[in-house]
1. Determine which single condition Ala64 fails, assuming it passes every other condition in (1) surrounded by fewer than 20 Cβ atoms within 10 Å (Cβ to Cβ); (2) closer than 21 Å to His277 by Cβ; (3) hydrophobic (A, V, I, L, M, F, W, C); (4) in contact with an Asp or Glu (Cβ under 9 Å, 6 or more places away or on another chain).
2. Consider Glu71 against the criteria (1) in a strand (DSSP E or B); (2) surrounded by fewer than 22 Cβ atoms within 10 Å (Cβ to Cβ): it satisfies all of them except one. Which criterion is unmet?
3. With touching a helix residue (DSSP H, G or I) at 6+ places or on another chain (Cβ under 6 Å), more than 20 Å from Thr148 (Cα to Cα) and not basic (Lys, Arg) as the only criterion, which of Gly93, Gly23, Gly41 stands out?
4. Restricting to region 22-57, count the residues that are closer than 28 Å to Pro305 by Cβ and in a loop (DSSP other than H, G, I, E, B).
5. In region 96-117, which residues are surrounded by 23 or more Cβ atoms within 10 Å (Cβ to Cβ), of a type in the set (Gly, Ala, Ser) and modelled with pLDDT under 95?
6. Give just the number: which of (1) under 16 Å from the mean Cα position of the chain (by Cα); (2) at pLDDT 95 or above; (3) surrounded by fewer than 24 Cβ atoms within 10 Å (Cβ to Cβ) does Asp204 not satisfy?
7. Just name the residue that is farthest from Tyr55 (Cα to Cα) out of those in region 128-161 that are touching a residue at least 40 places away in the same chain (Cβ under 8 Å) and in a helix (DSSP H, G or I).
8. Across region 131-149, what is the number of residues that are surrounded by fewer than 22 Cβ atoms within 10 Å (Cβ to Cβ), of a type in the set (Val, Ile, Thr) and under 13 Å from Pro86 (Cα atoms)?
Amino acid sequence: MPTGTTTVQGVCPVLETPFTDAGDVDFDSFERLIDHLLAAGVRSVMFPGFASEYYKLREQEREALTAVLIERFHRVAGTTVVISIPDHATAVGIGNARSAVEMGADMINILPPHQFGPSGAAVREHLAGILGAIGSTPAILQYAPAQTGTSLDAASIAQMAAVSPNLVQVKVESAPPGQLISALAAQRPALGAVVGYAGVQLIDALRRNAEGVQPGSSFAEIYLAIWRHWESGEQDSAIALHTRLLPYIAYWMQGVELIIRAEKRISWLRGIIASDHCRAPSRELDDEERAMIDRFLVEFAEFFPDGSAKGQLS
């Protein structure tokens, strides 16, 4: 049974999928990543998202990883596992959403179908179908127009929530996200927001009372520190730390495959995963981009107390 809260609150990393150098799923590294995040203080996670390379996973791999995540993360009480449903076909999405709920998912994240340009009506029917299929399990709608081409506004999302009360949050990845976050809060029913896009606009989102952030999983400690500063009333400290981080995440977020590759290299250099392999086709880093990651690890070494990155920098 689900054990977490009914909404995402605070820092909720999207887990990467570790692969071996040969390209197989590395379950040992996946478990090590889960344990690392729990030890860092993370209490909610999402899988599989863009950062997980979900579009490169076989169905059996995705199901097996989901089962491992739910069982292992729920070993700590009060944790929340959000399972994403990125499937294009409504029937497939419904089946996978029901399966995730049966395995113990606390929440379901729904990425609207976007391949081959479905109509707005078809997208809404897809979302309603999945929301209806999971009963009272709470759901998050992932709004990522740059990645999907989906066009939704606050009023239309609120209409969906009025029909399907288990739609309780929206992951806002529009650029910039601020106006939509505020507009969602003003709707009836009001909807909370989780900001994505690596938290590039996290400070603006916090000013607009965003309830959570979903970054990648390779340096969650920095996001946890920003969030703690803000919640403690130390807003200047939160802004200063985010300002230090911004040049890096703004560069990496220029492409989905770029930030996947960068985050995996960070996780590998930190000793969290055994390989930074990405399944082809993938984005390769050049010498300057690898040097940028080295500078990042040095600049933010204070947040990596295990010192696992020492001696591995190229």
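The values are calculated or read from the model by the stated rules, or taken from the named source; none is laboratory data. Computed from a predicted model, the values in this text were never measured in an experiment. Cβ atoms come from the backbone with ideal geometry, glycine included; neighbour counts cover every protein chain shown.
1. Failing condition for Ala64: (4).
2. (1)
3. Gly41
4. So the answer is 5.
5. none
6. (1)
7. The residue in question is Ile130.
8. Residues that pass the stated criteria total 1.
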